[in-house]
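The values are calculated or read from the model by the stated rules, or taken from the named source; none is laboratory data. The model shown is predicted, which means the values in this text are computed figures rather than measured ones. Because the Cβ atoms are built from the backbone with ideal geometry, glycine has one as well, and the counts that use them run over all protein chains shown. To get the accessible areas, we keep the full protein, side chains included, count just its heavy atoms, and leave off ligands, DNA and RNA. Shrake-Rupley method; radii C 1.70, N 1.55, O 1.52, S 1.80 Å.
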Amino acid sequence: MNVVRRMVQWNELIHPDRVHGSLYTDRSIFEAELQNIWYRTWVYVGHESEVPKANDYVVKSIGPQSVIMTRDEQGKVNLLLNRCSHRGNQVCSYERGNARSFTCPFHSWTFANDGRLVGYAFPDGYEGQDRMELALGRVTRVESYRGFVFGSFAADGPTLKEHLGGAAETIDRLVRTSPEGEVQITAGFLKHRVKANWKFILENECDGYHPAFVHTSIFGVADSMIGKLYGGASTALTRDYGNGHTEIDLRPEFRKRDLPMSWFGTSEERLPDYAARMKAAYGDTAAREIMIDGTPHVMIFPNLFIAEIQMFVIQPLGVDDSVQHVTALQFKGAPDLNRRLRQQTMGSVGPAGFLLADDSEMYERCHRGVLARNPEWVFLGRGEKRERRDELGFRIGHVTDEVPSRGIWAHYRKLMETA
Amino acid sequence: MLSRESSATLMSAVTAFLNREARLQDEHQYEAWERLWTDDGVYWVPANGANIDPEREMSIIYDNRSRIALRVRQLMTGKHFTQTPQSNLRRLVSNIELMDEQPGGDIAVASNSLIFESSLRDDTLWAARNEYRLRHVDGDLRMAYKKVVLVNNDKAIYTLSFLV
Ligand code: FES
Ligand SMILES: [Fe+2]
């Protein structure tokens with residue numbers, strides 16, 4: 001079906017310790033990625049808490065495609081494609097709302113929020129037409145894990161649980177930060193656009209080599225403990241969970257400090273209400289452990305990044321055009337923590353963020369850089385010789401090692417080779 | 001109600017203030033710009049509309065006075081790479097209006113701005129509606145509040161790392 005797929009020898013472009021620069025810049029490769037990754041594997045779409053009530057909807061995306069996430073009358077979450085089955089007009093033009101149905105503005109066909117066509121304008125002329133065939137398109141499979149809703153356009157393939165594999169545990173680790181065991185996505189998204197290939201963002205999220213340099217301007221003026229986590233002497237780890245999922249595991253450093261809430265640069269004393277609720281929910285010992293370990297820093301392939309206090313969703317629009325949708329994580333039953341999470345998130349991410357403005361600058365410069373023809377390769381060999389395996393068999397390395405990038409590219413190659 | 005003369009005097013002082021602020025921003029005079037703020041200043045650039053609740057929803061910038069200082073200090077390090085090299089900027093400020101008086105005697109002002117940014121990435125045009133609360137402090141005007149509503153703040157926007 002896809003000419004590109006037959007022409008590209010992926011093994012020639014992707015080696016264990018280096019990848020070819022054209023993988024970031026070649027338009028036909030981008031098109032092949034849409035087919036083989038974005039329109040086939042599990043992609044994160046939205047969170048159930050964004051549509052809390054019956055008939056709530058919010059417009060999301062899978063790559064360049066607009067997807068309406070609805071909660072229908074029965075309470076079921078649907079992922080519908082924002083495309084009228086008549087002539088293709090977009091049926092929904094607002095980002096969020098509450099609606100039982102969507103009426104297409106072009107010729108007024110009306111669709112229920114579970115996708116069914118419920119009415120045509122001037123119904124004569126449609127004698128014998130089966131309405132069922134003219135429903136809104138749907139994302140083929142929809143599954144959610146602890147409130148995180150994923151979609152896949154492939155009819156078969158691994159289940160979401162299989163796809164998440166070892167990385168599912170990082171989401172478990174995230175939700176237990178709430179005394180009620182739930183994340184809530186309620187603060188609205190910042191949408192930060194970059195002129196860079198999406199894979200530069202994907203790799204950057206678990207690149208523990210750069211923070212000491214790229215973020216030196218903010219670490220130098222804010223008394224932040226983050227810098228040390230990414231230093232040469234850090235005991236933090238990088239981990240490759242397989243299936244493209246990668247992590248920076250900061251727990252060894254937080255456990256050394258042995259101070260509850262130190263992961264967030266605060267203390268139990270400053271969040272007495274939260275600490276009390278955690279102890280009531282989990283018991284003193286478990287609550288203390290959770291508050292020491294903190295939340296994960298995990299990149300769920302290909303587009304969901306949980307960065308301790310915030311969540312990013314990566315959206316590719318073109319080979320050199322991407323959007324980072326970002327919001328503060330909010331934990332059910334933790335109002336005092338949530339307020340700080342929002343403040344910190346607003347400071348650090350988005351177009352004017354103390355951290356992300358500089359990260360984004362790096363992806364954009366990398367993108368322009370790899371347009372150069374020589375050298376052709378991007379080198380990913382840092383720490384290759386000292387990689388080892390953890391007790392569960394996942395590949396790990398020092399926090400500054402390129403274990404995550406190598407894991408991402410090994411998975412990418414598999415997806416691109418198996419059409 | 002101000003008399004016609006005193007409102008003309010006020011208008012010209014306000015206009016001079018806004019023009020000066022614009023020049024300091026365009027010319028990256030970060031410390032001089034920071035000195036325009038009162039001690040309780042709030043610098044707000046909302047996202048997703050003009051009237052969101054910044055205490056509940058994400059804003060592009062929602063700085064109290066100490067965070068304004070942090071923003072300036074980061075720019076001053078010379079290692080905030082998104083401003084190394086600095087964007088070349090010129091902005092037009094217009095449609096300056098004195099708005100209804102504020103409780104506490106602050107002067108409410110609104111204006112439009114159109115900013116041309118030339119950076120490593122590309123040339124970008126930014127447009128905004130600005131709302132200020134200005135206050136006389138020791139005979140000078142200062143900003144107690146500045147809200148910048150970018151007209152495209154509901155869309156995905158490029159990095160905005162200069163003083164807007
Ligand atoms: S395109 Fe939607 S009704 Fe015609
Ligand atoms: Fe970074």
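Exactly one residue out of A:GLY265, A:GLY232 is of a type in the set (Gly, Ala, Ser) and either open to solvent by less than 10 Å² (accessible area, probe 1.4 Å) or within 17 Å of A:ARG386 (Cα to Cα) (or both), and it is A:GLY232. Which residue is most open to solvent (accessible area, probe 1.4 Å), if the candidates are limited to segment A:346-358 and must be more than 8 Å from every other protein chain (Cβ to nearest Cβ) and not in a helix (DSSP H, G or I)? Across segment A:346-358, the extreme among qualifying residues is A:LEU355. Within segment B:33-55, the set of residues being among the aliphatic types (A, V, I, L, M) and either in contact (Cβ under 8 Å) with a residue 60 or more places away in the chain or loosely packed, with under 13 Cβ neighbours inside 10 Å (or both) comprises B:LEU36, B:VAL42, B:VAL45, B:ALA47, B:ALA50. Does B:LEU92 fit the bill of being open to solvent by 10 Å² or more (accessible area, probe 1.4 Å) and either farther than 30 Å from A:PRO316 by Cβ or assigned to a strand (DSSP E or B) (or both)? Yes: the conditions hold for B:LEU92.
Residues in segment A:100-109 that are buried (at least 16 other Cβ atoms within 10 Å of the Cβ) and near ligand 1 (Cβ under 9 Å from one of its atoms): 3 in all.
Only one residue in A:GLN343, A:GLN310 is within 15 Å of ligand 2 (Cβ to nearest atom), in contact with a strand residue (DSSP E or B) (Cβ under 9 Å, 6 or more places away or on another chain) and open to solvent by 10 Å² or more (accessible area, probe 1.4 Å), so which one is that? Sole residue among the options that is within 15 Å of ligand 2 (Cβ to nearest atom), in contact with a strand residue (DSSP E or B) (Cβ under 9 Å, 6 or more places away or on another chain) and open to solvent by 10 Å² or more (accessible area, probe 1.4 Å): A:GLN310.
Among the residues making up segment A:152-181, those that are among the hydrophobic types (A, V, I, L, M, F, W, C) and either over 16 Å from the mean Cα position of the chain (by Cα) or within 14 Å of another protein chain (Cβ to nearest Cβ) (or both) are A:PHE153, A:ALA154, A:ALA155.
Identification of helices (runs of 4 or more DSSP H) wholly contained in segment A:2-99 with 2 or more residues that are open to solvent by 30 Å² or more (accessible area, probe 1.4 Å), of a type outside the set (D, E, K, R) and over 30 Å from A:ARG386 (Cβ atoms) yields A:3-7. From the list B:THR38, B:THR82, the lone residue that is over 23 Å from B:ARG135 (Cα atoms) and among the hydroxyl-bearing types (Ser, Thr, Tyr) is B:THR82. Does A:PRO123 qualify as being away from ligand 1 (no atom under 16 Å from the Cβ) and assigned to a loop (DSSP other than H, G, I, E, B)? No; evaluated as a whole, the condition is false for this residue. Scanning segment A:305-334 for residues that are away from chain B (no Cβ under 11 Å) and over 30 Å from A:PHE30 (Cα atoms) yields A:ILE309, A:LEU329, A:PHE331, A:LYS332, A:GLY333, A:ALA334.
One residue alone among A:LEU117, A:LEU136 is of a type in the set (A, V, I, L, M), closer than 30 Å to A:ALA32 by Cβ and away from chain B (no Cβ under 14 Å), and that residue is A:LEU136.
Could you check, for segment A:72-91, whether at least one of its residues is within 13 Å of ligand 1 (Cβ to nearest atom), of a type in the set (Gly, Ala, Ser) and more than 14 Å from chain B (Cβ to nearest Cβ)? Yes: one or more hits. No other residue among B:LEU150, B:LEU120 is within 14 Å of another protein chain (Cβ to nearest Cβ), modelled with pLDDT of 95 or more and closer than 26 Å to A:PHE213 by Cα apart from B:LEU120. Number of residues in segment B:107-126 that are part of a strand (DSSP E or B) and either open to solvent by less than 30 Å² (accessible area, probe 1.4 Å) or charged (D, E, K, R) (or both) equals 11. Checked against the criterion of being in a helix (DSSP H, G or I) and open to solvent by 10 Å² or more (accessible area, probe 1.4 Å), the candidates A:ASP273, A:ASP240 yield just one match: A:ASP273. Filtered by the rule that a residue be closer than 26 Å to A:ARG342 by Cα, in a loop (DSSP other than H, G, I, E, B) and more than 8 Å from chain A (Cβ to nearest Cβ), segment B:61-89 gives a lone residue, B:ASN64. Scanning segment A:319-340 for residues that are of a type in the set (A, V, I, L, M) and surrounded by fewer than 21 Cβ atoms within 10 Å (Cβ to Cβ) returns a single hit, A:VAL319. Testing A:GLU364 on (1) more than 14 Å from every other protein chain (Cβ to nearest Cβ); (2) acidic (Asp, Glu); (3) under 27 Å from A:SER217 (Cβ atoms), one condition comes back false. Which one is that? So the condition that A:GLU364 fails would be (1).
Please go through segment A:182-225 and give me each residue that is outside any helix (DSSP H, G or I), out of contact with any Leu (no Cβ under 8 Å at 6 or more places or on another chain), within 13 Å of chain B (Cβ to nearest Cβ) and near ligand 2 (Cβ under 10 Å from one of its atoms), ordered by number. The answer is A:HIS210, and nothing else.
Checking each residue of segment A:363-384 against the condition of being within 30 Å of B:VAL45 (Cβ to Cβ), at pLDDT 95 or above, surrounded by fewer than 24 Cβ atoms within 10 Å (Cβ to Cβ) and hydrophobic (A, V, I, L, M, F, W, C) gives at least one match.
So is B:ALA156 within 26 Å of A:VAL194 (Cβ to Cβ) and either more than 14 Å from chain A (Cβ to nearest Cβ) or free of Cβ contacts under 8 Å to residues at least 24 places away in the same chain (or both) or not? Answer is yes for this residue.
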